[in-house]
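J.: Structure in structure tokens, see below.
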Amino acid sequence: MDKVLGLKCRECDRKYPKEPLHVCEFCFGPLEVDYDYEAIKKSISRQSIEDGPQSLWRYIDLLPIDGEPTDGLNSGFTPLIRAKNLGDALGVKEIYIKDDSVCHPTLSFKDRVVSIALSKSKEFDFDTVSCASTGNLANSVAAHAAIANLNCFIFIPADLEVGKVVASLVYAPTVVGIMGNYDDVNRLCSEIAGVHPWAFVNINIRPYYAEGSKTLCFELIEQLGWEAPDHIVAPAAGGSLITKIGKALKEFQLLDLIDEPQTKIHVAQAEGCGPIVNTFKDNSDFVKPVKPDTIAKSLAIGNPADGIYAVNTVKESGGVGEHANDEEIIEAIQLLAATEGVFTETAGGVTLAVTKKLIENGVIGRDERVVVAITGNGFKTIEALEDNMPEPHIIPPQLNAFRKLMSNIA
Ligand SMILES: *Cc1c(COP(=O)(O)O)cnc(C)c1O
Ligand SMILES: [Zn+2]
């Protein structure tokens, strides 16, 4: 079955072959994968998916590779946690955490997109993979490239968190730190892509890569017993995840896997870098680039590639955009840890802090079902919390000392 017809321009619908292309020659619009849904409908069912592997590849019929998957065989299918303690704390009845902080192998949702990008890059016969990254993508591309025995070049802003830098270097790629922000890194990479015939997962492979984000939404629907929730709150950097959550809901409905979803998709960004959310706050029709200044570095993209598509996806669903400041981000990280035992990075703090606001201001009803997309792991951004934690109690190894401590803290 040839389920992928090719690529299609999102603006002018002009068709392109299945090649490592990402922009329309005609109108410079972004290209997107074009599926033959009639053909897919004949082979896909809830049962066929449930019989598939315990990874994101259970949705292979809706992923743009031609052969068998060769990368990310253990990625995806992360827990959906029924968060009772968190629900009590926030005063909402039914809240779930989609926990991509434990996605295999690099503990962020980027392992989803990279699984598709590298499987596809191998189909295209690239021997070198690369990316422009705010950190998590770098970790993931480096790890997956190591598994696949591919050459790997990583480009990141030079001022990333130590955890994110080390978690790329350990896989032994070539890591290049750029003196600038992500938008500078991305611009440079577009130029390098013109000179070196490499698979830049989020540039020339982007149409394929981006499809991997859909699997986060496919999974949470399946995990809810094939029901779409009332609300999904998700973070945005480049805006791809948000856009693809919208696409995933539409595809499952189109293929009769779920009833017509009423899901409102809400977008969360940091106050210090919220170009997508700003369009909601300013009631504007275009995404105005900003200069990032936030502890949520994984979301610090000032000029988001899919910004306007993310805005349209959220609006169409009836959702809203909301910010969180640095203090609220840290509070939310602590709240999630203290209630559910999930230690998320700053991006997760943004998403939960925004969820809290949406419950407080009534956008999310207290009886409604809400899923919060927690997309990264707190062990990578320890420094964001360091100054907000109490010191451990240091004592000599003597029972008396412990007795004394207990009487002091009692
Ligand atoms: C990259 C990233 C996102 C957002 O991804 P986009 O698709 O670029 O909007 C969200 N959370 C984390 C932790 C990320 O690393
Ligand atoms: Zn076009």
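The values are calculated or read from the model by the stated rules, or taken from the named source; none is laboratory data. Given the structure is predicted, the values throughout are model-derived calculations rather than measurements. Every residue, glycine among them, receives a Cβ derived from its backbone with ideal geometry; neighbour counts consider all protein chains shown. Side chains are part of the model used for accessible areas, which takes the heavy atoms of the whole protein and leaves out ligands, DNA and RNA. Shrake-Rupley method; radii C 1.70, N 1.55, O 1.52, S 1.80 Å.
J.: For the range 274-313, max minus min Cα coordinate along each principal axis, in Å, sorted largest first?
T.: 26, 18, 13 Å, listed from the longest principal axis down.
J.: Net charge within 12 Å of residue 383 by Cβ-Cβ distance, Lys/Arg positive one each and Asp/Glu negative one each, not counting residue 383 itself?
T.: -2
J.: Could you please put 407, 101 in sequence from largest to smallest accessible area, using a 1.4 Å probe?
T.: My answer, sorted largest first, is 407, 101.
J.: In units of 2.2 N^0.38 Å, what is the alpha-carbon radius of gyration of the range 1-43?
T.: 1.22
J.: For residue 309, what accessible surface area do you get with a 1.4 Å probe? Give it in Å², rounded to 10.
T.: For residue 309, solvent-accessible area is about 40 Å².
J.: Hey, what's the Kirkwood Rh for the range 104-212 if you take every pair of different alpha carbons, in angstrom?
T.: 13.3
J.: Once both labels are modelled 7 Å past Cα along the beta-carbon direction, what's the residue 382-residue 149 spacing in nm?
T.: Label-label distance for residue 382 and residue 149, simple model: 3.5 nm.
J.: Continuing with this model, one more query. Springs between alpha-carbon pairs under 10 angstrom, Gaussian network model over the chain: which of 178, 295, 232 fluctuates most?
T.: Maximum fluctuation in the GNM of the chain, among the listed residues, is at 178.
J.: In addition: Could you give each residue of the range 207-220 its phi-based ³J(HN,Hα) in whole Hz, using Karplus coefficients 6.51, -1.76, 1.60 with θ = phi - 60°, and x for Gly or Pro?
T.: x, 6, 3, 4, 4, x, 4, 4, 5, 4, 6, 3, 4, 5
J.: Calculate one ³J(HN,Hα) per residue across the range 188-203 by plugging θ = phi - 60° into the Karplus curve 6.51 cos²θ - 1.76 cosθ + 1.60, and present them in order as whole Hz with x for glycine and proline.
T.: Each residue's phi maps through the Karplus curve to give 4, 5, 4, 5, 5, 4, x, 9, 10, x, 10, 8, 7, 4, 9, 10 Hz.
J.: Follow-up question, since we're still on this one. Quick one: which of 264/357; 84/291; 315/356 span more than 27 angstrom between C-alpha atoms?
T.: Too far apart for the 27 Å limit: 84/291.
J.: With a sphere of radius 13 Å drawn around the Cβ of residue 130, what net charge do the other residues whose Cβ falls strictly inside it have (Lys, Arg +1; Asp, Glu -1)?
T.: Net charge in that neighbourhood comes out at -1.
J.: Please list 3J(HN,Hα) in residue order for the range 11-23, calculated via the Karplus relation 6.51 cos²θ - 1.76 cosθ + 1.60 where θ = phi - 60°; whole Hz, with x for glycine and proline.
T.: Rounded to whole hertz, the list is 9, 10, 6, 4, 9, 10, x, 6, 9, x, 10, 9, 10.
J.: Next up: Evaluate 2.2 N^0.38 Å with N set to the residue count of the range 237-382, then give the Cα radius of gyration divided by it.
T.: Values: Rg = 15.0 Å, N = 146, 2.2 N^0.38 = 14.6 Å.
That works out to 1.03 for the range 237-382.
J.: How far is the Cα center of the range 1-56 from the Cα center of the range 95-160, in Å?
T.: Distance between centres, Cα-based: 21 Å.
J.: Using a cut-off of 16 Å between alpha-carbon atoms, which lysines can reach residue 164, once sequence neighbours fewer than 8 places away in the same chain are excluded?
T.: Once the sequence-local lysines are set aside, what remains near residue 164 is 110, 297, 380.
J.: Right, something else. In square angstrom, rounded to the nearest 10, how much accessible surface does residue 184 have for a 1.4 Å probe?
T.: Looks like 50 Å² after rounding.
J.: Follow-up question, since we're still on this one. If you fit an axis through the alpha-carbon atoms of helix 346-360 and take the longest principal axis of the Cα set of the chain, what angle between them do you get, 0 to 90°, nearest 10?
T.: Its long axis makes an angle of about 80 degrees.
J.: Sticking with this structure for a sec: What is the range 326-374's relative contact order, in percent, from Cα pairs under 8 angstrom and six or more apart in sequence?
T.: Value for the range 326-374: 34 percent.
J.: Could I ask something else about it? Roughly how many Å² is the accessible area per residue of the chain, as a whole number, for a 1.4 Å probe? All intermediate terms of the calculation are to be shown ahead of the outcome.
T.: Numbers: 17410 Å² over 410 residues.
I get 42 Å² per residue for this part.
J.: Another one. If the only charges are +1 at each Lys and Arg Cβ and -1 at each Asp and Glu Cβ, what is the size of the charge dipole of the chain around the Cα centre, to the nearest 20 debye?
T.: The dipole magnitude comes to about 280 debye.
J.: In whole angstrom, how long is each semi-axis of the equivalent ellipsoid of the chain, when you take the square root of 5 times every eigenvalue of its Cα gyration tensor and sort them from largest down?
T.: 34, 26, 21
J.: Same structure, new question: In the chain, with Lys and Arg counted as +1 and Asp and Glu as -1 at Cβ, which of these residues, 232, 56, 388, has the Cα nearest the positive end of the dipole, that is, farthest along it?
T.: The one lying farthest along the dipole's positive direction is 388.
J.: Amide H neighbours of residue 103 under 5 Å, counting only residues 5+ apart in sequence or on other chains, H built in-plane at 1.01 Å?
T.: HN-HN under 5 Å from residue 103: 108.
J.: Note the angle between two axes, namely the Cα long axis of helix 326-340 and the longest principal axis of the Cα atoms of the chain, as a number of degrees from 0 to 90, rounded to the nearest 10.
T.: Its long axis makes an angle of about 80 degrees.
J.: Run the numbers on the chain and let me know its relative contact order in percent, using alpha-carbon pairs under 8 Å that are six or more apart.
T.: 16
J.: Springs between alpha-carbon atoms under 10 Å, Gaussian network over the chain: tell me which of 211, 260, 68 tops the mean-square fluctuations.
T.: Comparing 211, 260, 68 in a Gaussian network model of the chain, the most mobile one is 68.
J.: Rounding to the nearest 10 and keeping the result within 0 to 90°, find how far the Cα-based axis of helix 240-254 lies from the longest principal axis of the chain.
T.: Once rounded, the angle reads 60 degrees.
J.: Expressed as a whole percentage, what fraction of the accessible surface of the range 1-43 belongs to carbon and sulfur atoms when a 1.4 Å probe is rolled over the protein heavy atoms?
T.: 50
J.: Give the separation of the Cα centroids, the range 174-202 to the range 311-364, in Å.
T.: For the range 174-202 versus the range 311-364, the Cα centre distance is 30 Å.
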